[in-house]
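*Asks:* Pasting a structure below so you can have a look.
Read-outs: derived from the displayed coordinates by stated rules, not from any lab. Owing to the predicted nature of the structure, the values given are computational and were not obtained by experimental measurement. Because the Cβ atoms are built from the backbone with ideal geometry, glycine has one as well, and the counts that use them run over all protein chains shown.
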Amino acid sequence: MPQALAQRTVDARSRRRARGLPPEASILMVLIGLALTFELLGWILVRQSFLLNEQRLVIMILQVSVIGIIAVGVTQVIITGGIDLSSGSVVAVTAMVAASLAQSSDAVRAVYPSLTDLPVLVPVMAGLAVGAAAGVLNGTLIAYTSIPPFIATLGVMVSARGIAKWYTHGQPVSMLTDAYADIGGGAVPVMIFLAAALIFHIALRYTRYGKFTYAIGANPQAARISGINVAGHLIVVYTIAGTLSGLAGIVTSARAVSGQAGMGMMYELDAIAAAVIGGASLSGGIGRITGTVIGTLILGVVTSGFTFLRIDAYYQEIVKGAIIVAAVIADQYRHRAGGKRA
């Protein structure tokens with residue numbers, strides 16, 4: 001029965017795609033249009049090329065890679081019909097814990113002369129464990145207490161930010177080992193982002209995990225009646241999202257070569273924006289990782305383009321908010337149009 005329901009959900013999505021181009025096509029056109037717009041404005045306003053500057057493009061992709069890692073997990077949560085507001089705070093607490101374990105022995109050798117550097121695997125595993133624990137807490141609250149995802153993850157968001165400040169009493173953690181800093185160096189964050197996107201694209205498209213995720217988002221009651229363990233699956237989805245937020249925290253602290261309680265501020269909203277811009281429906285049941293990747297790049301192009309044109313930073317937030325609203329309006333329009341066709 002669960003397989004039958006999941007297969008009907010997949011078949012329904014396939015029929016919708018057969019009626020026209022996949023949703024990623026239109027999102028990709030938006031990305032290309034934005035890039036060309038900034039290229040044209042660049043020549044008009046600052047007499048420079050936006051697209052032909054390799055260094056600028058590399059920096060842009062590096063800047064959005066952390067948001068992209070979070071967005072991969074958030075997309076899966078949104079597909080189930082949920083939301084995760086705790087991602088940014090989980091980034092902060094993970095960064096603090098992982099950085100404290102990745103500190104070079106030179107930083108504390110005056111107090112502990114015999115201390116040696118811990119293997120880089122120790123802070124990485126600890127950071128992932130912290131993220132996974134936050135995800136388990138989110139999923140358990142939502143699955144077994146009937147608390148709306150918005151409220152449950154909001155509570156975890158506030159608590160995790162407090163834990164991040166309490167952990168070192170607001171003091172940053174610095175002097176990290178070179179091995180740990182290498183995680184955030186060069187193109188490593190981009191490779192981690194693309195690897196996470198590929199793994200969960202395959203998982204959502206071709207595995208039972210993905211079929212159940214879409215089935216729960218489309219109709220949780222029908223999924224439950226069909227035999228899917230909805231509560232257990234939700235915990236798994238939120239745990240994956242929390243783990244990816246923990247991974248983003250590790251990358252963030254490695255790039256900055258320090259852990260700070262203020263890290264990850266507003267990252268959850270950027271991740272949700274990337275998922276929604278990429279075609280994920282806040283009503284659940286719809287969304288793809290490929291669209292989220294494009295949505296992440298759109299946010300990167302907007303931020304980088306405004307900086308390139310020397311436009312004040314607060315305009316970026318205004319435009320970003322307008323893009324999010326437009327994406328939600330488009331999602332609602334698609335739902336209404338789909339209902340009329342049905």
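*Asks:* Once each part is reduced to its C-alpha centroid, what is the distance from segment 61-88 to segment 271-335 in angstrom?
*Replies:* 12
*Asks:* Could I ask something else about it? With a point put 7 Å past each Cα toward its Cβ, work out how far L198 is from T168 in nm, to one decimal.
*Replies:* With each label point 7 Å from Cα toward Cβ, the separation is 3.4 nm.
*Asks:* A further question on this structure: Rounding to the nearest 20 debye, state how big the charge dipole of the chain is about its Cα centre with +1 on each Lys and Arg Cβ and -1 on each Asp and Glu Cβ.
*Replies:* Here the size comes out at about 1440 debye.
*Asks:* Note the full-extension length gain between V328 and A25 as 0.36 nm times their separation in residues minus their Cα-Cα distance, in nm to one decimal.
*Replies:* 107.4 nm
*Asks:* Summing Lys, Arg as +1 and Asp, Glu as -1, what charge do residues with Cβ under 15 Å from the Cβ of G259 carry, G259 excluded?
*Replies:* Cβ neighbours under 15 Å give a net charge of +3.
*Asks:* Also, quick follow-up: Express the relative contact order of the chain as a whole percentage, based on alpha carbon pairs under 8 Å and six or more residues apart in sequence.
*Replies:* Relative CO of the chain lands at 33 percent.
*Asks:* Right, next: Over the residues of the chain, compute the C-alpha Rg and express it relative to 2.2 N^0.38 Å.
*Replies:* Normalised Cα radius of gyration, the chain: 1.03.
*Asks:* Which residues does a label at V122 reach in segment 244-279, if reach means a backbone N under 12 Å from a point 7 Å past the Cα toward the Cβ?
*Replies:* Under cut-off, by backbone N: nothing.
*Asks:* Further question on the same structure: Could you please rank R288, R208, placing first whichever residue has the fewest other Cβ atoms within 10 Å of its Cβ?
*Replies:* R208, R288
*Asks:* Hey, can you grab everything whose amide H is under 5 Å from the amide H of L85? Only 5+ residues off in sequence or another chain; H modelled, so Pro and N-termini drop out.
*Replies:* T153, L154
*Asks:* While we're here: Got a sec to turn the phi values of segment 143-157 into Karplus ³J(HN,Hα) couplings, 6.51 cos²θ - 1.76 cosθ + 1.60 with θ = phi - 60°, whole Hz, x for Gly and Pro?
*Replies:* For segment 143-157, the Karplus-derived couplings read 6, 10, 10, 6, 6, x, x, 4, 6, 4, 6, 5, x, 5, 4 Hz, x marking Gly and Pro.
*Asks:* Segment 172-268: percent of C-alpha pairs farther apart than 16 Å?
*Replies:* Pairs farther apart than 16 Å: 65 percent.
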